[in-house]
Amino acid sequence: MFVGDIMIGEKRRLIFHAAAHFTVDLSCFFALWSAALRSQDAPLLILLYNFLAFALQAPIGALLDRCDDARPYTILGCGLVAWGVLSLAYPVLSVLLLGLGNALFHVGGAVTSLRHRPGDALFAGVFVSPGALGVALGTLAGKDSLLSPLFFVLLLLVSIGCIWLGGTGAKRQCEAFLCPSPLDHIGAGAIMCCLVSIGIRSFAGFTVKTLGSTALFVLLGAAASCLGKFFGGILAKGLPHRIVGLLGVGIGGLMMAFFPESYTSYGGIFLFNLAMPLTLSAVMAALPGHAGFGFGLTTLALFLGSAPLYALPDGYTASLPLMAVLTLFAAFLLFFSLKEKVPAAKAAEALSEYIPTYEEEIT
(Lines give C-alpha, C1' and ligand atoms only; values in the text may rest on other atoms or scores of the structure.)
Protein backbone atom coordinates (compact mmCIF):
# COMPACT_ATOMS: atom_id res chain seq x y z
CA MET A 1 0.00 0.00 0.00
CA PHE A 2 1.37 3.41 -1.04
CA VAL A 3 0.48 5.24 2.17
CA GLY A 4 1.66 2.40 4.35
CA ASP A 5 5.05 2.33 2.61
CA ILE A 6 5.59 5.96 3.56
CA MET A 7 4.46 5.47 7.13
CA ILE A 8 6.74 2.51 7.85
CA GLY A 9 9.23 3.53 10.52
CA GLU A 10 7.73 6.96 11.18
CA LYS A 11 8.15 6.61 14.94
CA ARG A 12 11.68 5.28 14.62
CA ARG A 13 12.55 8.14 12.28
CA LEU A 14 11.06 10.68 14.68
CA ILE A 15 13.01 9.28 17.64
CA PHE A 16 16.26 9.28 15.64
CA HIS A 17 15.78 12.93 14.71
CA ALA A 18 14.79 13.92 18.25
CA ALA A 19 17.96 12.29 19.59
CA ALA A 20 20.01 14.02 16.88
CA HIS A 21 18.35 17.32 17.84
CA PHE A 22 19.63 16.82 21.39
CA THR A 23 23.13 16.03 20.07
CA VAL A 24 23.29 19.02 17.72
CA ASP A 25 22.23 21.53 20.39
CA LEU A 26 24.52 19.86 22.93
CA SER A 27 27.47 20.18 20.56
CA CYS A 28 26.67 23.75 19.52
CA PHE A 29 26.50 25.08 23.06
CA PHE A 30 29.56 23.15 24.16
CA ALA A 31 31.49 24.83 21.37
CA LEU A 32 29.98 28.27 21.99
CA TRP A 33 30.84 28.21 25.70
CA SER A 34 34.26 26.69 25.08
CA ALA A 35 35.47 29.48 22.83
CA ALA A 36 33.17 32.13 21.36
CA LEU A 37 31.49 33.19 24.60
CA ARG A 38 34.85 33.53 26.35
CA SER A 39 36.08 36.15 23.87
CA GLN A 40 35.76 39.93 24.03
CA ASP A 41 33.40 39.84 21.05
CA ALA A 42 30.98 37.45 22.75
CA PRO A 43 27.84 39.67 22.31
CA LEU A 44 28.43 40.04 18.58
CA LEU A 45 29.26 36.38 18.15
CA ILE A 46 26.11 35.20 19.92
CA LEU A 47 24.03 37.60 17.78
CA LEU A 48 25.69 36.15 14.67
CA TYR A 49 25.01 32.60 15.85
CA ASN A 50 21.36 33.30 16.63
CA PHE A 51 20.82 35.00 13.28
CA LEU A 52 22.31 32.08 11.37
CA ALA A 53 20.70 29.36 13.49
CA PHE A 54 17.20 30.87 13.68
CA ALA A 55 16.61 33.54 11.02
CA LEU A 56 17.99 31.46 8.15
CA GLN A 57 15.64 28.54 8.74
CA ALA A 58 12.79 30.15 6.80
CA PRO A 59 14.67 30.48 3.47
CA ILE A 60 16.34 27.09 3.98
CA GLY A 61 12.92 25.59 4.69
CA ALA A 62 11.54 27.05 1.46
CA LEU A 63 14.40 25.33 -0.38
CA LEU A 64 13.91 21.97 1.32
CA ASP A 65 10.18 22.01 0.61
CA ARG A 66 11.21 21.38 -2.99
CA CYS A 67 13.16 18.24 -2.06
CA ASP A 68 11.81 14.72 -1.74
CA ASP A 69 14.73 13.69 0.47
CA ALA A 70 16.02 16.28 2.96
CA ARG A 71 18.49 13.91 4.62
CA PRO A 72 21.57 15.18 2.73
CA TYR A 73 20.94 18.68 4.09
CA THR A 74 20.30 17.37 7.61
CA ILE A 75 23.53 15.37 7.47
CA LEU A 76 25.39 18.38 6.05
CA GLY A 77 24.14 20.36 9.06
CA CYS A 78 25.56 17.75 11.45
CA GLY A 79 28.84 17.81 9.55
CA LEU A 80 29.13 21.59 9.76
CA VAL A 81 28.43 21.47 13.50
CA ALA A 82 31.19 18.85 13.90
CA TRP A 83 33.56 21.09 11.94
CA GLY A 84 32.58 24.01 14.17
CA VAL A 85 33.34 21.93 17.29
CA LEU A 86 36.81 21.20 15.86
CA SER A 87 37.41 24.90 15.06
CA LEU A 88 37.38 26.26 18.60
CA ALA A 89 40.72 28.02 18.01
CA TYR A 90 38.96 30.26 15.47
CA PRO A 91 35.83 31.62 17.21
CA VAL A 92 34.34 33.47 14.23
CA LEU A 93 34.73 30.49 11.91
CA SER A 94 33.36 28.20 14.60
CA VAL A 95 30.25 30.35 15.09
CA LEU A 96 29.62 30.52 11.34
CA LEU A 97 29.81 26.75 11.03
CA LEU A 98 27.72 26.10 14.14
CA GLY A 99 24.96 28.54 13.18
CA LEU A 100 24.61 27.39 9.59
CA GLY A 101 24.87 23.73 10.58
CA ASN A 102 22.23 24.15 13.27
CA ALA A 103 19.82 25.78 10.81
CA LEU A 104 20.30 23.07 8.17
CA PHE A 105 19.81 20.29 10.70
CA HIS A 106 16.66 21.71 12.27
CA VAL A 107 14.80 22.37 9.03
CA GLY A 108 16.02 19.19 7.37
CA GLY A 109 15.03 17.15 10.41
CA ALA A 110 11.62 18.80 10.57
CA VAL A 111 10.90 18.17 6.90
CA THR A 112 11.95 14.51 7.14
CA SER A 113 10.17 13.66 10.39
CA LEU A 114 7.17 16.03 10.38
CA ARG A 115 6.22 16.67 6.74
CA HIS A 116 3.62 13.89 6.69
CA ARG A 117 2.09 15.16 9.98
CA PRO A 118 2.55 18.95 9.96
CA GLY A 119 -0.57 19.42 12.10
CA ASP A 120 0.38 16.81 14.71
CA ALA A 121 1.40 18.65 17.90
CA LEU A 122 2.61 15.43 19.55
CA PHE A 123 5.11 14.70 16.77
CA ALA A 124 6.23 18.35 16.87
CA GLY A 125 6.69 18.20 20.64
CA VAL A 126 8.74 15.01 20.49
CA PHE A 127 11.04 16.50 17.83
CA VAL A 128 11.70 19.86 19.51
CA SER A 129 11.67 19.01 23.23
CA PRO A 130 15.15 17.40 23.59
CA GLY A 131 16.82 20.59 22.39
CA ALA A 132 16.41 22.33 25.75
CA LEU A 133 18.29 19.55 27.53
CA GLY A 134 21.01 19.66 24.90
CA VAL A 135 21.45 23.41 25.36
CA ALA A 136 21.69 23.07 29.14
CA LEU A 137 24.11 20.15 29.19
CA GLY A 138 26.23 21.68 26.42
CA THR A 139 26.44 24.94 28.35
CA LEU A 140 27.60 23.17 31.50
CA ALA A 141 30.12 21.03 29.62
CA GLY A 142 31.52 24.04 27.74
CA LYS A 143 31.79 26.30 30.77
CA ASP A 144 33.78 23.74 32.74
CA SER A 145 35.62 22.12 29.78
CA LEU A 146 34.39 18.75 30.98
CA LEU A 147 34.79 16.76 27.75
CA SER A 148 36.98 16.57 24.66
CA PRO A 149 35.61 18.03 21.40
CA LEU A 150 36.16 14.60 19.86
CA PHE A 151 33.42 13.20 22.09
CA PHE A 152 30.87 15.52 20.48
CA VAL A 153 32.16 14.76 17.00
CA LEU A 154 31.65 11.06 17.71
CA LEU A 155 28.07 11.70 18.86
CA LEU A 156 27.40 13.68 15.69
CA LEU A 157 28.76 10.86 13.52
CA VAL A 158 26.41 8.43 15.27
CA SER A 159 23.55 10.87 14.63
CA ILE A 160 24.43 11.02 10.94
CA GLY A 161 24.19 7.25 10.72
CA CYS A 162 20.83 7.20 12.50
CA ILE A 163 19.44 9.95 10.26
CA TRP A 164 20.37 8.04 7.14
CA LEU A 165 19.01 4.74 8.44
CA GLY A 166 15.74 6.41 9.46
CA GLY A 167 14.68 6.76 5.83
CA THR A 168 13.42 9.61 3.68
CA GLY A 169 9.97 10.14 5.17
CA ALA A 170 7.08 11.47 3.08
CA LYS A 171 7.80 13.01 -0.31
CA ARG A 172 6.46 16.34 -1.50
CA GLN A 173 3.43 15.00 -3.35
CA CYS A 174 2.37 12.93 -0.35
CA GLU A 175 2.04 15.73 2.19
CA ALA A 176 -1.55 16.84 1.66
CA PHE A 177 -2.66 13.22 1.21
CA LEU A 178 -1.25 12.19 4.58
CA CYS A 179 -2.32 15.15 6.68
CA PRO A 180 -5.94 15.53 7.76
CA SER A 181 -5.38 18.25 10.35
CA PRO A 182 -7.88 20.25 12.40
CA LEU A 183 -5.73 23.34 11.95
CA ASP A 184 -5.01 23.37 8.22
CA HIS A 185 -7.76 25.92 7.60
CA ILE A 186 -6.41 28.84 9.61
CA GLY A 187 -5.66 31.91 7.52
CA ALA A 188 -2.92 34.50 7.28
CA GLY A 189 -4.26 36.48 10.23
CA ALA A 190 -4.18 33.47 12.53
CA ILE A 191 -0.69 32.56 11.32
CA MET A 192 0.49 36.08 12.18
CA CYS A 193 -1.13 35.81 15.62
CA CYS A 194 0.73 32.55 16.23
CA LEU A 195 4.03 34.10 15.14
CA VAL A 196 3.52 37.21 17.29
CA SER A 197 2.73 34.94 20.23
CA ILE A 198 5.95 33.01 19.61
CA GLY A 199 7.94 36.25 19.54
CA ILE A 200 6.39 37.44 22.79
CA ARG A 201 7.08 34.11 24.47
CA SER A 202 10.67 34.28 23.26
CA PHE A 203 11.18 37.72 24.81
CA ALA A 204 9.45 36.75 28.06
CA GLY A 205 11.33 33.48 28.32
CA PHE A 206 14.71 35.20 28.08
CA THR A 207 13.81 37.80 30.70
CA VAL A 208 12.29 35.56 33.38
CA LYS A 209 14.05 35.54 36.77
CA THR A 210 14.95 32.07 38.02
CA LEU A 211 16.86 30.91 41.08
CA GLY A 212 20.30 31.12 39.51
CA SER A 213 22.78 29.75 36.99
CA THR A 214 24.26 26.88 38.97
CA ALA A 215 24.16 23.45 37.37
CA LEU A 216 21.12 22.37 39.36
CA PHE A 217 18.96 25.31 38.35
CA VAL A 218 20.14 25.28 34.73
CA LEU A 219 19.08 21.65 34.47
CA LEU A 220 15.83 22.32 36.32
CA GLY A 221 14.89 25.05 33.87
CA ALA A 222 15.84 22.86 30.90
CA ALA A 223 13.79 19.96 32.25
CA ALA A 224 10.77 22.22 32.73
CA SER A 225 11.08 23.52 29.17
CA CYS A 226 11.60 20.05 27.69
CA LEU A 227 8.70 18.46 29.55
CA GLY A 228 6.41 21.40 28.77
CA LYS A 229 6.96 21.00 25.03
CA PHE A 230 6.50 17.25 25.22
CA PHE A 231 3.34 17.32 27.33
CA GLY A 232 1.90 20.15 25.26
CA GLY A 233 1.75 17.75 22.34
CA ILE A 234 0.16 15.06 24.50
CA LEU A 235 -2.50 17.39 25.89
CA ALA A 236 -3.34 18.60 22.39
CA LYS A 237 -4.44 15.07 21.52
CA GLY A 238 -7.35 15.25 23.94
CA LEU A 239 -8.02 18.94 24.58
CA PRO A 240 -8.71 21.86 22.23
CA HIS A 241 -5.47 23.54 21.18
CA ARG A 242 -6.81 26.99 22.03
CA ILE A 243 -7.57 25.96 25.63
CA VAL A 244 -4.13 24.43 26.16
CA GLY A 245 -2.52 27.55 24.70
CA LEU A 246 -4.62 29.99 26.71
CA LEU A 247 -4.19 28.28 30.06
CA GLY A 248 -0.57 27.24 29.53
CA VAL A 249 0.76 30.61 28.43
CA GLY A 250 -1.62 32.65 30.61
CA ILE A 251 -1.14 30.80 33.89
CA GLY A 252 2.51 30.00 33.21
CA GLY A 253 3.31 33.59 32.36
CA LEU A 254 1.62 34.90 35.50
CA MET A 255 3.51 32.36 37.61
CA MET A 256 6.81 33.58 36.16
CA ALA A 257 5.79 37.20 36.60
CA PHE A 258 4.48 37.06 40.18
CA PHE A 259 6.84 34.42 41.59
CA PRO A 260 10.31 35.21 40.19
CA GLU A 261 13.41 33.61 41.66
CA SER A 262 11.39 30.79 43.20
CA TYR A 263 10.66 27.18 42.44
CA THR A 264 7.21 28.29 41.31
CA SER A 265 8.82 30.03 38.34
CA TYR A 266 9.96 26.64 37.03
CA GLY A 267 6.36 25.45 37.10
CA GLY A 268 5.57 28.56 35.08
CA ILE A 269 8.27 27.63 32.55
CA PHE A 270 6.71 24.18 32.19
CA LEU A 271 3.22 25.61 31.55
CA PHE A 272 4.59 28.36 29.32
CA ASN A 273 6.16 25.79 26.98
CA LEU A 274 2.97 23.75 26.54
CA ALA A 275 2.07 26.04 23.64
CA MET A 276 5.30 25.56 21.72
CA PRO A 277 4.30 22.41 19.76
CA LEU A 278 0.79 23.82 19.25
CA THR A 279 1.94 26.96 17.45
CA LEU A 280 4.58 25.05 15.50
CA SER A 281 2.12 22.45 14.24
CA ALA A 282 -0.53 25.10 13.52
CA VAL A 283 1.77 27.19 11.32
CA MET A 284 3.08 24.12 9.49
CA ALA A 285 -0.42 22.76 8.88
CA ALA A 286 -1.67 26.12 7.64
CA LEU A 287 0.90 26.11 4.82
CA PRO A 288 0.25 22.87 2.89
CA GLY A 289 3.25 21.83 0.86
CA HIS A 290 5.47 24.26 2.76
CA ALA A 291 6.11 22.53 6.09
CA GLY A 292 9.80 23.47 6.07
CA PHE A 293 9.05 27.14 5.42
CA GLY A 294 6.40 27.08 8.15
CA PHE A 295 8.88 25.59 10.59
CA GLY A 296 11.38 28.28 9.66
CA LEU A 297 8.86 31.07 10.20
CA THR A 298 8.44 29.98 13.82
CA THR A 299 12.20 30.10 14.45
CA LEU A 300 12.39 33.49 12.74
CA ALA A 301 9.72 34.68 15.21
CA LEU A 302 11.87 33.34 18.06
CA PHE A 303 14.83 35.36 16.80
CA LEU A 304 12.83 38.56 16.30
CA GLY A 305 11.25 38.21 19.74
CA SER A 306 14.65 38.05 21.42
CA ALA A 307 16.20 40.78 19.22
CA PRO A 308 15.23 43.71 21.52
CA LEU A 309 17.37 42.18 24.26
CA TYR A 310 20.52 43.05 22.31
CA ALA A 311 19.70 46.75 22.77
CA LEU A 312 18.99 46.37 26.50
CA PRO A 313 21.51 46.18 29.36
CA ASP A 314 23.08 42.82 30.17
CA GLY A 315 21.01 40.83 32.63
CA TYR A 316 17.81 42.74 31.81
CA THR A 317 14.67 41.30 33.39
CA ALA A 318 11.18 42.43 32.48
CA SER A 319 9.13 44.23 35.11
CA LEU A 320 6.13 42.49 36.64
CA PRO A 321 3.50 44.61 34.81
CA LEU A 322 5.25 44.20 31.46
CA MET A 323 5.68 40.45 31.93
CA ALA A 324 2.04 40.01 32.93
CA VAL A 325 0.66 42.10 30.06
CA LEU A 326 2.84 40.43 27.42
CA THR A 327 2.07 36.89 28.48
CA LEU A 328 -1.68 37.48 28.78
CA PHE A 329 -1.67 39.11 25.36
CA ALA A 330 0.17 36.11 23.92
CA ALA A 331 -2.29 33.74 25.60
CA PHE A 332 -5.33 35.45 24.10
CA LEU A 333 -3.68 35.57 20.68
CA LEU A 334 -3.43 31.78 20.85
CA PHE A 335 -7.01 31.42 22.02
CA PHE A 336 -8.35 33.33 19.04
CA SER A 337 -5.99 31.85 16.43
CA LEU A 338 -5.92 28.12 17.29
CA LYS A 339 -9.52 27.43 16.33
CA GLU A 340 -10.00 23.84 15.20
CA LYS A 341 -12.42 22.54 12.61
CA VAL A 342 -13.03 19.43 14.73
CA PRO A 343 -11.85 18.48 18.23
CA ALA A 344 -8.25 17.23 18.27
CA ALA A 345 -9.25 13.83 19.64
CA LYS A 346 -11.66 13.25 16.73
CA ALA A 347 -9.04 14.35 14.22
CA ALA A 348 -6.53 11.94 15.72
CA GLU A 349 -9.10 9.14 15.60
CA ALA A 350 -9.84 9.89 11.95
CA LEU A 351 -6.14 9.94 11.16
CA SER A 352 -5.57 6.58 12.83
CA GLU A 353 -8.39 5.04 10.80
CA TYR A 354 -7.19 6.58 7.55
CA ILE A 355 -3.50 5.65 7.87
CA PRO A 356 -2.12 2.35 9.20
CA THR A 357 -0.10 2.73 12.37
CA TYR A 358 3.55 1.83 12.60
CA GLU A 359 2.72 -1.21 14.74
CA GLU A 360 0.25 -2.46 12.14
CA GLU A 361 2.82 -2.08 9.39
CA ILE A 362 5.45 -4.23 11.07
CA THR A 363 3.12 -7.09 12.05
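Cα gyration tensor of region 3-73, axes a ≥ b ≥ c as square roots of the eigenvalues: rounded (a/c below 1.5), prolate (a/b > b/c) or oblate?
oblate
Our note on the geometry: Cα centres of region 285-326 and region 82-96, 26 Å apart.
Inter-label distance, Ser262 to Phe336: 3.1 nm, where each label sits 7 Å from its Cα along the C-beta direction. Please label the shape of region 37-98 as rounded, prolate or oblate, based on the square roots a ≥ b ≥ c of the eigenvalues of the alpha-carbon gyration tensor (a/c under 1.5 means rounded; beyond that, a/b larger than b/c means prolate, else oblate). Taking the square roots of the gyration eigenvalues as a ≥ b ≥ c, region 37-98 is oblate. Residue pairs exceeding 28 angstrom between C-alpha atoms, taken from Lys171/Lys237; Lys143/Lys209; Lys11/Lys237; Lys143/Lys237; Lys229/Lys339: Lys143/Lys237. Taking all protein chains together, Cys162, Cys226 sort by accessible area into Cys162, Cys226, largest first [probe 1.4 Å].
Residues whose amide H falls under 5 Å from that of His116, counting only those 5 or more places apart or on a different chain, are Ala170, with hydrogens built in the peptide plane.
Ordering Ile251, Ile200 by accessible surface, largest first, gives Ile251, Ile200; the 1.4 Å probe counts only protein heavy atoms, with every chain in place. With a/c under 1.5 counting as rounded, go ahead and sort the chain into rounded, prolate or oblate using the C-alpha gyration tensor (a ≥ b ≥ c being the square roots of the eigenvalues; past the cut-off, prolate if a/b is larger than b/c, else oblate). It is oblate, given that a/c is not under 1.5 and a/b is not larger than b/c.
The gain in end-to-end length when the Trp164 to Arg12 segment is fully stretched comes to 53.5 nm, 0.36 nm per residue minus the alpha carbon separation.
The values are calculated or read from the model by the stated rules, or taken from the named source; none is laboratory data. It should be emphasised that the depicted structure is a prediction, and the values quoted were computed from it without experimental measurement. We place every Cβ from the backbone using ideal geometry, glycine too, and count neighbours over all the protein chains shown. In case anyone asks, the SASA skips ligands and DNA or RNA and just uses the protein heavy atoms, side chains included. Shrake-Rupley method; radii C 1.70, N 1.55, O 1.52, S 1.80 Å.
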